[in-house]
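A.B. asks: The structure follows.
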Amino acid sequence: MKKLLLLLLLPALFSCGNEKDSEDENSEIRDSLQTEKEEEFKVLDSKNISQDSLWAPFESDLAEFSEEKYNQLKPFIFDKNIPELQEAVKNADLTYEELSLFFLYRIKKFDRENELSLNSVISLNPNLLEEAREKDEKLNNSEENHLINGIPVLLKDNINTQNMATTAGAVALQNNQTEDAFIVQKLKENGALILGKANLSEWAYFFCGECPSGYSAVGGQTLNPYGRKIFDTGGSSSGSAVAVAANLAPVAIGSETSGSILSPSSQNSVVGLKPTMGNLSRGGIVPISSYLDTPGPITKSVIDNAILYSAMTGKDVEDALSVEVENTDFNFENTSLEGKRFGAFKQLMKEDSLYRRAVNDLKNAGAEIVEFEAEKIELENFLRLLSLDMKKDLPEYFEKYGAETGFTSVDDIVKFNIEDSVSRMPYGQALFEGILQESGDSTNLDSIKSDLSEKGRKYFETPMQKHNLDGILSINNYHAGFAAVAHYPGITVPMGYNKEGAPKGLTFFAKSSQENKLYQWAFAFEKASKRRQSPKNYE
């Protein structure tokens, strides 16, 4: 089993490094933002989650898990990275069962039906504690465990999993019981514990068009812990990023078609990797586009991101694009940016002070920065690509994994939602209706894919070749569409907070299959900048 060459007792990567205006100075702005944001929300809390059934499997165990025990464990768990958690287990300061109970306790305390609720978790693995006890019993039987062993992992609720329905946030899929997706099989093979399922923008944000990010009919409205009802959560992996940011889960899995990992990760001050297409299997994941979809890790640190990514890799013979990733033994002991050349967008340098500061952090760490003007390229037919792909890919998912739902097509879902539009689609279903109106055939689709891929690669490769660049620097998910069609990977790392307190991320893009380079650059930036702070109300 693969082991990572990682430093086991890394110094904390989450120290304060951002000077923010006082709450008094910003309260008026925040109040205005909250009023504006609340006007977007037609629905806040879920009407489809039963708290009693959610917590029934853990009732007796949580009754014995006191506040005193929680506070005793907190120094060993809160904001700690995976190597630090494993060291605490090794030193008998912590068990895997206690680790799982800690996060269950925090989910129950913070996530739903209270003044700090975030609505980030849809369901919980009823067998979690039993599986955690088994890990504890086997703790001393093997020295070759992957570092993910015993660590609870939260999955975006479009990823198939045993014991919990895979809903994609949609009422139509509330009874979609499946076997494990390929990446979940790999996680379990490497010893991970499945904590539960995370809320998301319904149907991975390709459904309602005008709805706020983070909303689903099953999970309700996900909220940002850095500004509840104020700041956008980003989408569509909203619950995954929010839960990790608020320490409701140590790590989580999201999925991305175009920005759906990079956006919520940066909006919630965590690290998110959108891998190269095919490096992680898409088998058993509710699709938008088989040409663009990929799962990916969301974590509080770069080192955890690499650990989680490595635990999911493996060739899936049933996924046509799946490849065997040759090297996931990432070594962070000797990272250096000396001689690395990064391209910075001139427009972003003018407009964004956090971006300028992050670029300066890279310079101070030894990197060379070249400012350049962005290529004037438009991604025409991007929406058509998504519509045409989902029109064929969703029926294939139903046939292979979701036959028991009784649905076979997008048209079936549209008709189902119309039967009770208030509860099933309060924001409408404009994008699904658009799919039905799309009449292109496979020839049209292949032509669109070829054209968009060429444009995406040109967008990055022109400045990279002209200036001999190793990578491109962006913000949040600003250029995720180009990376998507180019099949280029990207990683976002917290780079600070604006004057209102909203998080932003510095995003690195590299050429296909250069995840190793992305991790090296991201780790070096994280180490040099140390910008991440935990959300204040969730400590």
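The values are calculated or read from the model by the stated rules, or taken from the named source; none is laboratory data. None of these values were measured; they are calculated from a predicted model. Positions of Cβ are generated from backbone atoms using ideal geometry, with glycine treated the same way; all protein chains shown enter the neighbour counts.
A.B. asks: Do we find a residue being within 17 Å of the chain's Cα centre (by Cα), under 17 Å from Gln429 (Cα atoms) and assigned to a loop (DSSP other than H, G, I, E, B) anywhere in the stretch 189-202?
C.D. replies: Yes - at least one qualifying residue is present in the stretch 189-202.
A.B. asks: Being more than 16 Å from Pro152 (Cβ to Cβ) and of a type in the set (D, E, K, R) narrows it down to one residue among Glu98, Glu36; which is it?
C.D. replies: Glu36 is the lone residue from the list that is more than 16 Å from Pro152 (Cβ to Cβ) and of a type in the set (D, E, K, R).
A.B. asks: Given the conditions (1) farther than 21 Å from Asn81 by Cβ; (2) crowded, with 24+ Cβ neighbours inside 10 Å; (3) β-branched (Val, Ile, Thr), report the number of the one that Ile230 does not fulfil.
C.D. replies: Among (1) farther than 21 Å from Asn81 by Cβ; (2) crowded, with 24+ Cβ neighbours inside 10 Å; (3) β-branched (Val, Ile, Thr), the lone unmet condition for Ile230 is (2).
A.B. asks: Within the stretch 122-138, is there a residue that is farther than 15 Å from Asp61 by Cβ, in a loop (DSSP other than H, G, I, E, B), without any contact (Cβ under 8 Å) to a residue 12 or more places away in the chain and out of contact with any Lys or Arg (no Cβ under 9 Å at 6 or more places or on another chain)?
C.D. replies: Scanning the stretch 122-138 turns up at least one residue that is farther than 15 Å from Asp61 by Cβ, in a loop (DSSP other than H, G, I, E, B), without any contact (Cβ under 8 Å) to a residue 12 or more places away in the chain and out of contact with any Lys or Arg (no Cβ under 9 Å at 6 or more places or on another chain).
A.B. asks: Here is a further query. Name the pairs whose Cβ atoms lie under 7 Å apart, with the first residue in the stretch 501-513 and among the basic types (Lys, Arg), the second outside any strand (DSSP E or B), and 6 or more positions between them or separate chains?
C.D. replies: Lys504/Ser266; Lys504/Leu354; Lys504/Asn476; Lys504/Asn498; Lys511/Tyr488
A.B. asks: Still on this model: Anything in the stretch 149-186 that is under 12 Å from Pro295 (Cβ atoms) and touching an Asp or Glu at 6+ places or on another chain (Cβ under 8 Å)? List them, or say none.
C.D. replies: Once the filter is applied, which keeps residues that are under 12 Å from Pro295 (Cβ atoms) and touching an Asp or Glu at 6+ places or on another chain (Cβ under 8 Å), the stretch 149-186 yields Asn160, Phe182.
A.B. asks: Of the residues in the stretch 390-416, how many are under 13 Å from Leu431 (Cα atoms) and either crowded, with 21+ Cβ neighbours inside 10 Å or among the hydrophobic types (A, V, I, L, M, F, W, C) (or both)?
C.D. replies: 4
A.B. asks: Of everything in the stretch 398-441, what is part of a helix (DSSP H, G or I), out of contact with any helix residue (DSSP H, G or I) (no Cβ under 7 Å at 6 or more places or on another chain) and over 30 Å from Asp180 (Cα atoms)? Give them in sequence order.
C.D. replies: Ile418, Ser421, Val422, Ala430, Gln437
A.B. asks: Going residue by residue through the stretch 473-487, is there one that turns out to be more than 18 Å from Thr294 (Cα to Cα) and more than 17 Å from the chain's Cα centre (by Cα)?
C.D. replies: Looking for residues that are more than 18 Å from Thr294 (Cα to Cα) and more than 17 Å from the chain's Cα centre (by Cα), one finds at least one in the stretch 473-487, hence yes.
A.B. asks: I need every pair where a residue in the stretch 309-322 that is assigned to a loop (DSSP other than H, G, I, E, B) has its Cβ under 6 Å from the Cβ of a residue that is surrounded by fewer than 16 Cβ atoms within 10 Å (Cβ to Cβ), sequence separation at least 6 or different chains.
C.D. replies: Lys315/Glu324; Ser322/Lys315
A.B. asks: Could you check the stretch 1-92 for helices (runs of 4 or more DSSP H) lying wholly inside it with 2 or more residues that are modelled with pLDDT under 95 and aliphatic (A, V, I, L, M)?
C.D. replies: Those helices (runs of 4 or more DSSP H) span 23-38.
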